[in-house]
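To start, the structure itself, in structure tokens.
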């Protein structure tokens, strides 16, 4: 089988919403080629040298590559995807160059493309994300491994917004909590919560593909008994009571979720939010406070902001 590689050159700000559009359009996988990867200190075994070629990366921003079966991918698909990406401008998302390219990829080339850009990465003091095909030995007893396959997942879990959420979860979870993960995507936050000691996790997403992917990744990480994945949105869970709600999504959606998150949280519960571009951080904070939350922590990574807000007792 041949595949169509649909690639778009865009900004770091637009990376996650564009990736989501590509997945929802039926992509069999998405790769994010990030210019900032050239500056990272990639962990390697003693006998391994990781060399990244600048020629494979954009000079700025990211190139997002999505793969579709050639036999079912049409011009109508291309126009629909481009329209959805351009519509992100209504949310004040900077699309940058927004350059689209198409090329045909053979099956074997597509399979190898994932492995070229994906290596184990230590995200927090305890959490390391590693591709499912790599053999990785923990460096300490406290290190917890999350296995992901970029052929199934929404990115590799190393985007700053995901990192901020993982760091917040590691800091705030004490063990035994009930967690709701809104817009779970690959399920990475739910898997991390399980490995960090949460008692039960409800992972929800409106997208059918995300639900399937999250279930597969939960099974891959032996967390499927703790993580229950549902196709839904938060409105269907407002009668539920949770200790933590986590949402790594667009700022506009977080602001719409604030009242519902407040209702489902127990007194003293935490609402962890990320996916917030820095220029919208004050707007999100104001809405959280209007909904009754007290913001207890703000963290930043590059141009992204995450909040931990507490429901007042």
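A few points about this structure:
- Here the relative contact order of the chain, from alpha carbon pairs under 8 Å that lie six or more residues apart, stands at 15 percent.
- Counting only DSSP beta bridges whose two residues both lie in the chain, roughly 60 percent are antiparallel.
- To the nearest ten degrees, helix 281-290 and the longest principal axis of the Cα atoms of the chain are 30 degrees apart.
- Per-residue ellipticity at 222 nm computed for the chain from its helices equals -9000 deg cm²/dmol, with DSSP H segments shorter than 4 residues left out and the rest contributing -39,500 (n - 2.57).
- Residue order, fewest to most beta carbons within 10 Å, for 293, 73: 73, 293
- Bridge type composition, segment 235-313 - antiparallel percent by DSSP, nearest 5: 70
- Degrees separating the helix 75-86 axis from the principal Cα axis of the chain, which is the longest one: 40
- Normalising the average separation of contacting C-alpha pairs (under 8 angstrom, six or more residues apart) by the number of residues puts the relative contact order of segment 160-313 at 23 percent.
- More than 30 Å apart - percent of Cα-Cα pairs taken over segment 127-311: 12
- Rounded D (µm²/s) - the chain, Kirkwood Rh over Cα pairs, Stokes-Einstein at 10 °C, 1.306 mPa s: 80
- Placing a label point 7 Å from the Cα of residue 286 along the Cα-to-Cβ direction, the residues of segment 249-274 with a backbone N closer than 17 Å are 251-259.
- Residue 1/residue 208 FRET efficiency (R0 25 Å; Cβ-Cβ; nearest 0.05): 0.65
- For the pair residue 94 and residue 240 in one chain, pulling the backbone fully straight at 0.36 nm per residue adds 48.9 nm over the alpha carbon distance.
- Ranked 121, 18, criterion: other C-beta atoms within 10 Å, fewest first: 121, 18
- Here the label points at residue 107 and residue 174, each 7 Å from Cα along the C-beta direction, are separated by 5.4 nm in the simple model.
- Between helix 208-220 and the chain there is an angle of about 80 degrees, using the helix long axis and the longest principal axis of the Cα atoms.
- Stretched out straight at 0.36 nm per residue, the stretch from residue 56 to residue 125 would grow longer than its current Cα-Cα span by 21.9 nm.
- Cβ-to-Cβ counts within 10 Å put 266, 79 in ascending order as 79, 266, the fewest first.
Each value in this text was obtained by applying a stated rule to the coordinates, not by laboratory testing. The structure presented is a predicted model; accordingly, all values stated were derived computationally and were not measured. When we count neighbours, we look across all protein chains shown, and the Cβ atoms used for this are built from the backbone with ideal geometry, even at glycine.
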